[in-house]
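Structure below; questions to follow.
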Amino acid sequence: MIKVLASNFGATIQDLGRTGFGSIGVPTSGTMDRYSSQLANLLLNNDKNAAVLEITFGGCKLLFETECTICITGADFSAKVDDKSIALNTVQHLKKNAILSFGKRIYGTRTYIAVKKGFQTEIILGSRSLYKGITSENVIRRGMYLPVHSNQLVVNRTFTSVKVNPLHFNSEIIECHKGPEFEFLSETQKKALLSTYFTISSNNNRMGYQLEELIKNDLASMLTSAVLQGTIQLTPSGKLIVLMRDCQVTGGYPRVLQLTENAINRLAQKTTGSNIQFVIKIKK
């Protein structure tokens, strides 16, 4: 078991989400930055869908009550084991009673901790992803115990590290495709949409990111339609909302852009005050 000594508002267990339940209104959920979470599982030779601990802005402290093999990827919040710094993107073997903590932010927003064979929390509708109203808990809290597989031994120890492309964390370019209602925009609106450097507002979470700058909206109202992770909606007030992993399955605002999967992952590592620019991805 792993005991949570300290947590924050953004710590949650996630895998790649629950699919096939949109017809009954269940969001897919899953890790915000799938690139980083799958990298952690890959380095541990886990199934890519193994559940990981997603931590937003560090702030967590974990007590490993059993020996455990882990890998930390994503944002760098100066991870330490028993007050000794450890590297990201490498396999680490922690002894019994080791304490993992986080400190100063170096880059990124979301950190991922994978354990050998994944966290063994409850499976609901085919997924371990926490979501309010679906699972018994929606966030990780102080005092909770996180179950892990009893066999944490790694037969072939490796000291290989992976170098992650820094653009994943610091690029302002967010690639997307044209949304279903993109062509309803005027040329002026299209130009503004693709030339403005937008600022992420303080209203951002796993459900969606609202942007500060406005796009004048004179489009007619539309019927509620299907939306996806990465759909960008234009509200009547001209505000843009980028739907993220915990988004609803339908919406009534024009869907002007659709982020690529890689763009969702990059956006998940940005936060309040970050600037982004949308670029239409050219089909090859």
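Would you mind getting me the FRET efficiency between ASN205 and GLU183? Use the beta-carbon distance for r and R0 = 35 Å, nearest 0.05. Let's see the in-between values first.
Working: r = 30 Å, r/R0 = 0.87.
The value I calculate is 0.70.
Please compute the Kirkwood hydrodynamic radius over the range 19-58, one decimal place, Å, based on all pairs of different Cα atoms. Can you show the working numbers first?
Details: mean 1/r = 0.0861 Å⁻¹.
It works out to 11.6 Å.
Between the range 236-284 and the range 37-73, what is the C-alpha centre distance in whole Å?
What the calculation gives is 26 Å, centre to centre.
Percent relative contact order of the range 1-78, based on C-alpha pairs within less than 8 angstrom and at least six residues apart?
Reported relative contact order: 46 percent.
Against the globular-protein guess of 2.2 N^0.38 Å, express the Cα radius of gyration of the range 43-111 as a ratio, rounded to two decimals.
On the way: Rg = 11.6 Å, N = 69, 2.2 N^0.38 = 11.0 Å.
Relative to the rule-of-thumb radius for its length, the range 43-111 sits at 1.06.
Here's something else I'd like to know. From the residues ASN265, THR188, VAL162, which one has its Cα farthest along the dipole of the range 161-280 in the positive direction, the dipole being from +1 and -1 charges on Cβ of Lys/Arg and Asp/Glu about the Cα centre?
VAL162
Size of the dipole of the chain about the Cα centre, Lys and Arg at +1 and Asp and Glu at -1 on the beta carbon, nothing else charged, in debye to 20?
On the way: 33 positive and 21 negative charges, 107 e Å.
Dipole about the Cα centre, nearest 20: 520 debye.
To the nearest 0.05, what FRET efficiency results for HIS93 and ASN8 with a Förster distance of 22 Å applied to their C-beta separation?
Details: r = 26 Å, r/R0 = 1.18.
With R0 = 22 Å, the Cβ-Cβ based efficiency is 0.25.
Using C-alpha positions alone, give me the convex hull volume of the range 1-134 per residue in cubic angstrom. Let's see the in-between values first.
Working: hull volume 13.4 nm³, N = 134.
Dividing the Cα hull volume of the range 1-134 by its residue count gives 100 Å³.
In the chain, what % of DSSP beta bridges are antiparallel (nearest 5)? Could you put the intermediate results ahead of the total?
Numbers: 54 of 59 bridges.
Around 90 percent antiparallel, to the nearest 5.
What's the FRET efficiency of LYS283 with THR66 using the Cβ-Cβ distance as r and R₀ = 45 Å, to the nearest 0.05? Let's see the in-between values first.
Numbers: r = 49 Å, r/R0 = 1.09.
Working from the Cβ atoms, E equals 0.35.
Rounded to the nearest 500, what is the 222 nm mean residue ellipticity of the chain from helices alone, with -39500 (n - 2.57) per DSSP H run of 4+ residues and division by all residues?
On the way: 4 runs with 30 residues, N = 284.
Rounded to the nearest 500, the figure is -2500 deg cm²/dmol.
I would also like to ask the following. Quick one: plug the Kirkwood hydrodynamic radius of the chain (C-alpha pairs) into Stokes-Einstein at 25 °C, 0.890 mPa s, and report D in µm²/s.
Numbers: Rh = 19.7 Å.
The calculation lands on 125 µm²/s.
In square nanometres, what is the average projected area of the Cα convex hull of the range 149-284? All intermediate terms of the calculation are to be shown ahead of the outcome.
On the way: hull surface 46.6 nm².
Over every viewing direction, the Cα hull of the range 149-284 projects on average to 11.7 nm².
No lab work stands behind these numbers, since they all come straight from the coordinates. A quick note: this is a predicted structure, and the numbers were derived from the prediction, not measured. We place every Cβ from the backbone using ideal geometry, glycine too, and count neighbours over all the protein chains shown.
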